[in-house]
Amino acid sequence: MAEAQAAVDWTYFPPIGRRSSGGGQGPSELWNDVPGGYRQTWNDNVVLFLMIETLEGVEAAREIAKLPGVTGLFAASGDLGNFSGFGEGDAEYEGLITEVLEAAQDAGIHACAPLRWANRPGFTCFQAGTEGANIRRGAAAEIQQAEERFGSTGAGGTPVTGSGAAPLLANLTAECGSITYEADCNAAVQQAAAGASSMGAAEQEQIVRRLREVMGTNPTHATRIREIASQAGLTIR
């Protein structure tokens, strides 16, 4: 609770917070010509989202959500699992997420989550992937496209038909190549395995091969990855 109040204090000028307004700071030097004045309009335009990462944060979520100036609460999918010891889908984990969601709803502010939770009822704002993940995803998609286009003929040959596996492979590389958030990798595995079930043998083999690579790179996650794929209908031998 103290950290949340400090965040409000550092973000807002009085009377909401305790942010200073020295004459030599950026506002007066750079932005004081904004309509109405920087200092006078800041509190009406800034947004503040607080991330709930720990069990202590969940316990205090309802108090935090009611602090003046808090725009929304973010349910930290990875760290709530890290600090609780439970994973996405476990009843205990889902209870923590629900508590954060309801705290935000009861206070009339936004409930925020990772973008892959966009279909979860109640959440109204979302965090996209990290810059690193987006770069890896884009690079992987381009490499995959190039391999499919020229791989069987060599550069300058007749283009081959594109593969529906390409975006799934790119997402696996982005989320699981170097696992930052286990839940995001698990979601990518589930999506790839489920998508493979409607593909031809060659495309299925591409998915399986990439999953094997992911398991080899992340051996501590291999068993869970195999389980998720199997539940989605794809066997990895």
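Elements of the type helices (runs of 4 or more DSSP H) sitting completely within segment 59-147 and holding at least 1 residues that are of a type in the set (D, E, K, R), farther than 23 Å from Ala188 by Cα and assigned by TED's automatic domain parsing to the domain that holds Pro15: these cover 61-65, 91-107. Residue pairs whose Cβ atoms lie under 9 Å apart, sitting 6 or more positions apart in sequence or on different chains, and linking a residue in segment 58-70 that is free of Cβ contacts under 8 Å to residues at least 12 places away in the same chain to a partner that is surrounded by fewer than 22 Cβ atoms within 10 Å (Cβ to Cβ), are Glu59/Glu99.
Select from segment 38-58 the residues that are assigned to a helix (DSSP H, G or I) and touching a Leu at 6+ places or on another chain (Cβ under 9 Å) and list them in ascending order. Steps first, please.
Residues of segment 38-58 that are assigned to a helix (DSSP H, G or I), as a first pass: 38-45, 55-58.
Within segment 38-58, Tyr38, Leu55, Gly57, Val58 qualify.
Do you know which residues across segment 79-101 are in contact (Cβ under 8 Å) with a residue 24 or more places away in the chain and closer than 17 Å to Ala60 by Cα? Correct list: Asp79, Leu80, Phe83, Ser84, Leu96, Glu99, Val100, Leu101. Put simply, of Leu115, Leu67, Leu80 the only residue that is within 30 Å of Ile179 (Cα to Cα), crowded, with 17+ Cβ neighbours inside 10 Å and not acidic (Asp, Glu) is Leu80.
Report yes if Met215 is within 27 Å of Phe86 (Cβ to Cβ), hydrophobic (A, V, I, L, M, F, W, C), out of contact with any His (no Cβ under 6 Å at 6 or more places or on another chain) and not assigned by TED's automatic domain parsing to the domain that holds Gly85, otherwise no. Explain how you work it out, then say what you get.
Working: within 27 Å of Phe86 (Cβ to Cβ): yes; hydrophobic (A, V, I, L, M, F, W, C): yes; out of contact with any His (no Cβ under 6 Å at 6 or more places or on another chain): yes; not assigned by TED's automatic domain parsing to the domain that holds Gly85: yes.
Yes: the conditions hold for Met215.
Answer yes or no as to whether Val34 is farther than 30 Å from Thr173 by Cβ and modelled with pLDDT of 90 or more. It would help to see each step written out before you state the result.
Values: farther than 30 Å from Thr173 by Cβ: yes; modelled with pLDDT of 90 or more: no.
The answer is no for Val34.
The single condition from (1) at pLDDT 90 or above; (2) surrounded by 20 or more Cβ atoms within 10 Å (Cβ to Cβ) that Glu227 fails is (2).
The values are calculated or read from the model by the stated rules, or taken from the named source; none is laboratory data. As the structure is a prediction and not an experimental result, all values here were calculated from the model. Positions of Cβ are generated from backbone atoms using ideal geometry, with glycine treated the same way; all protein chains shown enter the neighbour counts.
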